[in-house]
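Report on one structure; see the data block that follows.
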Amino acid sequence: MSREENRGSDAGPLHPSTKQRVRAVRLGLSLDGWAVVAAIALAILVRCGVVVPW
Amino acid sequence: MGIGTNSSPGIAVTGVAGEDTISPASLDPVRLVPGLILLFVIGYGGKWIEAAIRRYGTTHHHALPNIEYVLWAILIGLVIGNCFSGQRWFKMFAPGIATYEFWLKLGIVLLGTRFLLRDVIKLGGVSLALVAIEIVFAFALMVVFGRLFKLGPKLTALLAVGSSICGVSAIIAAQGAIDADEKDSSYAIAAILALGALSLFSYPAIGHSLHLSDRAYGVWAGLSVDNTAEATAAGALYSETAQKAAVLVKTTRNATIGFVVLPVALYFATRGGHQFEGSKAGFLWKNFPKFVLGFLFFSALASMGPRVFSASQIISLGNLSRWAFLLTFAGVGLRTNVQELFQQGPKPFIVGALAEIFIAAVTLALVTGADRFVGGL
């Protein structure tokens, strides 16, 4: 049995929505550290009273 | 780094479906605006519907079921995404929608303030033990099913890392490390995403039917739902306590990504007669999710008491975390396509589904066992 058959040759093409989802995950991985930086910036704003408690 | 072939270094050796790594510098802020507005409108719409139903019930003295905003945000996103994502004009929203994974990570980091470090260590310790068992079991099970259904070894490995650690992120990391071809990773990603979409609706129903406690349900969702976004949403659909537990356990799972992918990469390198290029420590650091460190950092800050954050500031940071999750849930809905379930290889989906059912059952037994016999979670 060929490798293609092993994989399931009746598979359809990757759905555009899946491609977008992969793109979002890649963006999330690229911005992994920036999420921490953004959180620290928000925490400083809250700590300084710029973002008021609600 | 990775298997020494003609591939370029790093985890983004090959892009899934022709995609390359996205550089933050390449993001055009203006192009993000329409999608960000859409995420906000859908998320806020979910909150508005939840509040309107509650208000209606109170005013008219009806006992209406309290349907969380999370479900509304996902459902509105699902309807809009499935109806319009094929339209050309809808493409203008794509860059902004793609940021929802960033909001997820921001939300998780800020959620660290709602945990005292001693709670993280306590629940994290228990969950680390459960995660270790889950990873070994899930990986072994996927390999057995992969062989049984005669899937290729790399596709089996991708499905195994996807189902045992953190879904699509793990598959992307493993794809570069084992030099898998794009079709293999596309099949694995499609199967994991389809199963994640199903878990969003099946987990809360199972949890309620078994009368699981919030904490036990959250640990179960964190242990067995593959993608972080879906695990967070599945937890939030149950309760806030369940969401916190799900995020903590899922974060523990995410932290193990490098430690699982590295042996897999070494195995395929040895098997193919190649050398593993680069430093192993560098590989582990590159694949380590940095938001986990952010989560721990914020938990440590919150544990220092009013010297760092007052009670009201902690509440504010918690609210900011909720808003970040709101955008995430809207994005999950927008990017969950019903047609996806039917447009992929049946074999990877069947293998994934069978393994996920077993994993869900075993982790449920582990969690209820730990909850009952080890003194509670």
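The ranking of A:Thr18, B:Thr270, B:Thr328, B:Thr232 by Cβ neighbour count inside 10 Å, starting from the fewest, reads B:Thr270, A:Thr18, B:Thr232, B:Thr328.
Does the protein assembly as shown classify as rounded, prolate or oblate by the C-alpha gyration tensor (a ≥ b ≥ c root eigenvalues; a/c under 1.5 gives rounded; else a/b over b/c gives prolate, otherwise oblate)?
Cα axes put the protein assembly as shown in the rounded bin.
Highest mobility in the GNM of chain B, judged by mean-square fluctuation with C-alpha springs under 10 Å and restricted to B:Asp28, B:Asp179, B:Asp214, is found for B:Asp28. Each Lys and Arg contributes +1 and each Asp and Glu -1, all at the Cβ; summed about the Cα centre of chain B, the dipole is approximately 500 debye. Here is how the number arises for chain B: DSSP H runs of 4 or more residues each give -39500 (n - 2.57), the sum is divided by the residue count, and the result at 222 nm is -24000 deg cm²/dmol.
Build a GNM of chain B with springs between Cα atoms under 10 Å apart, and of B:Gly282, B:Gly333, B:Gly46 the one that fluctuates most is B:Gly282. As a calculated quantity, the FRET efficiency between B:Ser310 and B:Ala281 at R0 = 41 Å, using C-beta atoms, amounts to about 0.55. Computing FRET efficiency as 1/(1 + (r/R0)^6) for B:Cys83 and B:Asp28, where r is the C-beta to C-beta distance and R0 is 30 Å, gives about 0.70. Span-like helix check, chain B: qualifying full DSSP H segments, with Cα axial length of 30 Å or more and mean Kyte-Doolittle of -1.0 or more, are B:29-59, B:117-148, B:182-209, B:311-334, B:346-373. In plain terms, the chain from B:Ala361 to B:Leu148 could stretch by 74.7 nm, reckoned as 0.36 nm per residue minus the Cα-Cα distance.
Taken residue by residue and averaged, Cβ atoms of other chains lying within 10 Å of the Cβ of B:185-194 number 4. Site pair B:Ala132 and B:Met92 shows an inter-label distance of 5.4 nm when each label is modelled 7 Å from Cα along Cα→Cβ.
Between B:Tyr56 and B:Leu266, the modelled labels are 5.9 nm apart [label points 7 Å from Cα along Cα→Cβ].
Distance from the Cα centroid of the stretch B:37-107 to that of the stretch B:213-234 is 20 Å (rounded to whole angstrom).
Read-outs throughout are calculated quantities, based only on the coordinates presented, and are distinct from any laboratory measurement. Keep in mind that this is a model prediction, so the values were computed, not measured. Counting neighbours? That spans all protein chains shown, and the Cβs are built from the backbone with ideal geometry, glycine included.
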